[in-house]
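Visitor: Please find one structure pasted underneath; my questions will follow.
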Amino acid sequence: MTHTGVRVRAVYPGSFDPFTPGHANVVNRARGLFDEVIVLVAVNGTKHPTINEQERAAAVRAILPVEWTSVTVVAWSGLTSAYCRSHDVGVIVRGVRNTTDLQAECQLAAMNQSLGVPTVFLPARPELAAVSSTAVRALGPLPPSTRP
């Protein structure tokens, strides 16, 4: 945060199809670590979301509490590191649910580090570790008790 007088902005990228309680938990914890958190609703060429990134961004905005004023939601179709460089964002935040996630995320983090943007990993809360966007799409919406 601003201990040194420098504001630290973080970006939390993902396809968020849909945005899960685990995603909301990562955003909430990132709010405590950084001055501003940008949820970057991204296009991922390997995924085929049910709705476009603008609609997904609107859905994420609707889920996040309005009092989370340090959080913004943006749709983006380029590289995360390009967004960071062009918008003065200092760090990428990624949530990890398990060791499989961590392996894949470490490869992305190494690439982004080589492009000048470090990554911070936030492990999932144990009760949210099994919840994936794929599972939510298959099973339907989660009960309100698992929301932010």
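Visitor: Just need a number here: residues in segment 112-126 that are open to solvent by 30 Å² or more (accessible area, probe 1.4 Å) and either at pLDDT 95 or above or in contact with a Ser or Thr (Cβ under 8 Å, 6 or more places away or on another chain) (or both). Steps first, please.
Guide: At the first step, the residues of segment 112-126 found to be open to solvent by 30 Å² or more (accessible area, probe 1.4 Å) are 113-116, 118-121, 123-126.
Then keep just the ones that are either at pLDDT 95 or above or in contact with a Ser or Thr (Cβ under 8 Å, 6 or more places away or on another chain) (or both); that gives 113-116, 118-121.
Qualifying residue count, segment 112-126: 8.
Visitor: Let me ask something else. Is it the case, given these coordinates, that residue 18 is within 13 Å of the chain's Cα centre (by Cα), surrounded by 12 or more Cβ atoms within 10 Å (Cβ to Cβ) and assigned to a loop (DSSP other than H, G, I, E, B)?
Guide: Working: within 13 Å of the chain's Cα centre (by Cα): yes; surrounded by 12 or more Cβ atoms within 10 Å (Cβ to Cβ): yes; assigned to a loop (DSSP other than H, G, I, E, B): yes.
It is true that residue 18 is within 13 Å of the chain's Cα centre (by Cα), surrounded by 12 or more Cβ atoms within 10 Å (Cβ to Cβ) and assigned to a loop (DSSP other than H, G, I, E, B).
Visitor: Considering only segment 25-51, how many residues are of a type outside the set (Asp, Glu) and either under 17 Å from residue 121 (Cβ atoms) or modelled with pLDDT of 95 or more (or both)? So that I can check it myself, show each step before the final result.
Guide: First, the residues of segment 25-51 that are of a type outside the set (Asp, Glu): 25-34, 37-51.
Retained after the next criterion (residues that are either under 17 Å from residue 121 (Cβ atoms) or modelled with pLDDT of 95 or more (or both)): 25-34, 37-41.
The total comes to 15.
Visitor: Can you tell me which residue within segment 127-145, out of those that are of a type in the set (Val, Ile, Thr) and open to solvent by less than 80 Å² (accessible area, probe 1.4 Å), is modelled with the lowest pLDDT? Show your work before the answer.
Guide: Step one: of segment 127-145, the residues of a type in the set (Val, Ile, Thr) are 131, 134, 136.
From what is left, the residues that are open to solvent by less than 80 Å² (accessible area, probe 1.4 Å) are 131, 136.
On the way: 131: 59, 136: 53.
Here the answer is 136.
Visitor: Follow-up. Quick check, is residue 101 modelled with pLDDT under 95 and either touching a strand residue (DSSP E or B) at 6+ places or on another chain (Cβ under 9 Å) or surrounded by 12 or more Cβ atoms within 10 Å (Cβ to Cβ) (or both)?
Guide: Working: modelled with pLDDT under 95: yes; either touching a strand residue (DSSP E or B) at 6+ places or on another chain (Cβ under 9 Å) or surrounded by 12 or more Cβ atoms within 10 Å (Cβ to Cβ) (or both): yes.
It is true that residue 101 is modelled with pLDDT under 95 and either touching a strand residue (DSSP E or B) at 6+ places or on another chain (Cβ under 9 Å) or surrounded by 12 or more Cβ atoms within 10 Å (Cβ to Cβ) (or both).
Visitor: Still on this structure, I have one more. Every residue in segment 80-93 that is within 20 Å of residue 57 (Cα to Cα), open to solvent by 50 Å² or more (accessible area, probe 1.4 Å) and either touching a strand residue (DSSP E or B) at 6+ places or on another chain (Cβ under 9 Å) or in contact (Cβ under 8 Å) with a residue 24 or more places away in the chain (or both), please.
Guide: Scanning segment 80-93 gives a single hit, 87.
Visitor: Could you check segment 35-73 and list, in sequence order, the residues that are of a type in the set (Val, Ile, Thr), open to solvent by 40 Å² or more (accessible area, probe 1.4 Å) and outside any loop (DSSP other than H, G, I, E, B)? Break it down into steps so the answer makes sense when it comes.
Guide: Step one: of segment 35-73, the residues of a type in the set (Val, Ile, Thr) are 37-39, 41, 43, 46, 50-51, 60, 63, 66, 69, 71-73.
Narrowing the set further to residues that are open to solvent by 40 Å² or more (accessible area, probe 1.4 Å) leaves 43, 46, 50-51, 63, 66, 69, 72.
Scanning segment 35-73 gives 63, 72.
Visitor: Examine segment 111-123 for a residue that is without any contact (Cβ under 8 Å) to a residue 60 or more places away in the chain, farther than 16 Å from residue 13 by Cβ and in a strand (DSSP E or B), and state whether such a residue exists. Even if it seems obvious, please write down each step before you answer.
Guide: Step one: of segment 111-123, the residues without any contact (Cβ under 8 Å) to a residue 60 or more places away in the chain are 111-119, 121, 123.
Retained after the next criterion (residues that are farther than 16 Å from residue 13 by Cβ): 114, 123.
Add one more test, that the residue is in a strand (DSSP E or B), and what stays is 123.
Yes, because at least one residue in segment 111-123 is without any contact (Cβ under 8 Å) to a residue 60 or more places away in the chain, farther than 16 Å from residue 13 by Cβ and in a strand (DSSP E or B).
The values are calculated or read from the model by the stated rules, or taken from the named source; none is laboratory data. Nothing here was measured: the structure is a model prediction, and the numbers come from that model. Note: ideal-geometry Cβ built from the backbone for every residue, glycine included; neighbour counts use all protein chains shown. Only protein heavy atoms, including side chains, enter the accessible area calculation; ligands, DNA and RNA are left aside. Shrake-Rupley method; radii C 1.70, N 1.55, O 1.52, S 1.80 Å.
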